[in-house]
Amino acid sequence: MNASASVPVAAPRSTAAQAEPISPKGCTNFKLRQVTRLVSNHCEAHFAETGLTTTQYALLSHIVVLGPIQPSELARRMDIDLSTLSRNVQPLQAMGLVETLPGADARSRQLQATEAGHARRRQMKATWKRAQLSLNERLGDERVQRLHALLDECAALMRGDADPDGLSRG
């Protein structure tokens with residue numbers, strides 16, 4: 001064989017991932033619930049001695065920031081159904097942290113944090129911060145940022161938001 005003869009070069013092979021479309025494996029609902037349980041357990045450990053669960057703290061925080069607010073609007077903002085909201089507000093009302101006020105008409109009502117509710121949220125903000133920083137440390141700040149962005153995008157898609165990527169906002 002002489003040096004001028006060309007040696008055939010194999011064409012680059014495409015990998016299976018390139019040739020076939022990506023298809024998720026497993027149950028997305030199960031995976032989300034599994035991670036949610038793990039994250040909840042992590043955070044609940046920080047909240048154990050506060051007298052409130054992380055769910056109650058999140059609800060109280062929303063009421064402090066948004067209140068007074070109609071229960072239906074609060075449920076919409078938190079992406080929960082009204083019965084779940086009602087069930088979770090009851091313990092906060094029993095503790096004197098949230099009160100129900102009359103609404104614009106005889107059939108409507110509004111939720112508002114009491115002074116005790118505002119004080120409790122201020123006290124617990126440091127607990128929430130420790131739980132969040134501990135979670136960030138375990139997962140890594142960059143991963144948590146990516147996770148938040150992905151979750152926000154997925155929530156927008158599940159709500160049916162027309163432009164979850166913000167492409168039309170310029």
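Listed here are the residues, each with its yes/no results for (1) polar (S, T, N, Q); (2) surrounded by 16 or more Cβ atoms within 10 Å (Cβ to Cβ); (3) within 25 Å of Met158 (Cα to Cα); (4) touching a residue at least 12 places away in the same chain (Cβ under 8 Å).
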| site | (1), (2), (3), (4) |
| --- | --- |
| Leu32 | no, no, yes, no |
| Thr36 | yes, no, yes, no |
| Cys43 | no, yes, no, yes |
| His46 | no, yes, no, yes |
| Thr84 | yes, no, yes, no |
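Do we find that Leu111 is open to solvent by less than 30 Å² (accessible area, probe 1.4 Å) and within 20 Å of Ser40 (Cβ to Cβ) in this structure?
no
Look at region 133-157 and say how many of its residues are open to solvent by less than 40 Å² (accessible area, probe 1.4 Å), within 22 Å of Tyr57 (Cα to Cα) and at pLDDT below 95.
Result for region 133-157: 1.
Have a look at Arg77, Arg130 and point out the one that is farther than 22 Å from Glu44 by Cβ, in contact with a His (Cβ under 8 Å, 6 or more places away or on another chain), in a helix (DSSP H, G or I) and open to solvent by 90 Å² or more (accessible area, probe 1.4 Å). Please lay out each step first, then the result.
Working: Arg130 fails: farther than 22 Å from Glu44 by Cβ.
That would be Arg77, the only listed residue that is farther than 22 Å from Glu44 by Cβ, in contact with a His (Cβ under 8 Å, 6 or more places away or on another chain), in a helix (DSSP H, G or I) and open to solvent by 90 Å² or more (accessible area, probe 1.4 Å).
Looking only at residues that are open to solvent by less than 40 Å² (accessible area, probe 1.4 Å) and over 14 Å from Arg120 (Cβ atoms) in region 86-104, which one is modelled with the highest pLDDT?
Val89
Restricting to region 48-74, give me the number of residues that are open to solvent by less than 40 Å² (accessible area, probe 1.4 Å), outside any loop (DSSP other than H, G, I, E, B) and either within 18 Å of Ser108 (Cα to Cα) or not aromatic (Phe, Trp, Tyr) (or both).
Counting residues in region 48-74 that are open to solvent by less than 40 Å² (accessible area, probe 1.4 Å), outside any loop (DSSP other than H, G, I, E, B) and either within 18 Å of Ser108 (Cα to Cα) or not aromatic (Phe, Trp, Tyr) (or both) gives 11.
The values are calculated or read from the model by the stated rules, or taken from the named source; none is laboratory data. Since this is a predicted model, take the numbers as computed values, not measurements. In this analysis, Cβ positions are derived from the backbone assuming ideal geometry, glycine residues included, and neighbour counts consider all displayed protein chains. Quick note on the areas: whole protein, heavy atoms, side chains included, nothing else; ligands and nucleic acids left out. Shrake-Rupley method; radii C 1.70, N 1.55, O 1.52, S 1.80 Å.
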